[in-house]
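The values are calculated or read from the model by the stated rules, or taken from the named source; none is laboratory data. Please read these numbers as outputs of a predicted model, since none were measured by experiment. Every residue, glycine among them, receives a Cβ derived from its backbone with ideal geometry; neighbour counts consider all protein chains shown. These accessible areas exclude ligands, DNA and RNA; they are computed on the full protein's heavy atoms, side chains included. Shrake-Rupley method; radii C 1.70, N 1.55, O 1.52, S 1.80 Å.
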Amino acid sequence: IYSDIYILYFIIFGSALLLLIVLAIGLNYIYKHNQISLFHELYKAETEVILQKEKFNITAEKLNIGVVTTNINGKVTFINKKGTKITGYSSKDCVGKPLKNLCKIKIEETQVILQNIVEDSLSSTKLLLEHNNKLLITTTGKEIPISLNIGFTHNSDKTIREIIFTFS
């Protein structure tokens, strides 16, 4: 009689253990499959961002205007050939450095010098765009008359990712 009960307990315990093992294997498979899918989606999204950035860079190089992009911290992420010609800096000298250390904008009518064009554009582009006559001041002190436009690229959550300055 006791041997039948022990056999029954063994069968129940063994079945429960087998079920737990199968469940663990199944959950592990689902987790790994979801991870692979997520990594694949992230890879595709990153590839798309890289392609869009390359298209932007190619287009910016073909324009006959200076183009400088910065991140929201003000560090230069890109400058095209015309931009290097106008500012006098090479791309190597600019990329990764704060734009405020490379050049400043002076509003000719008021003689106001904007010390940090990135902060000023993030807080209010109105001041930058309402005056027509602007001068780009290089670190050598040279003042170059420019026409300035400002644009923004955004992340998927609508926060600003980069600031685009075009000037000629």
Debye equation applied to the C-alpha atoms of the range 51-123, log10 I(q)/I(0) at 0.12 Å⁻¹: -0.34
Per-selection Rg to Rh, the chain - Cα, Kirkwood hydrodynamic radius: 1.47
Fraction of accessible area attributable to carbon and sulfur, the range 45-156 (%, probe 1.4 Å): 54
Residue-count net charge about G141 - beta-carbon cut-off 15 Å; Lys, Arg +1, Asp, Glu -1: +2
Theoretical ellipticity at 222 nm over the chain - DSSP helices of four or more residues, -39500 (n - 2.57) apiece, nearest 500: -17000 deg cm²/dmol
Accessible solvent surface per residue of the chain, calculated while the other protein chains remain in place, 1.4 angstrom probe, Å²: 70
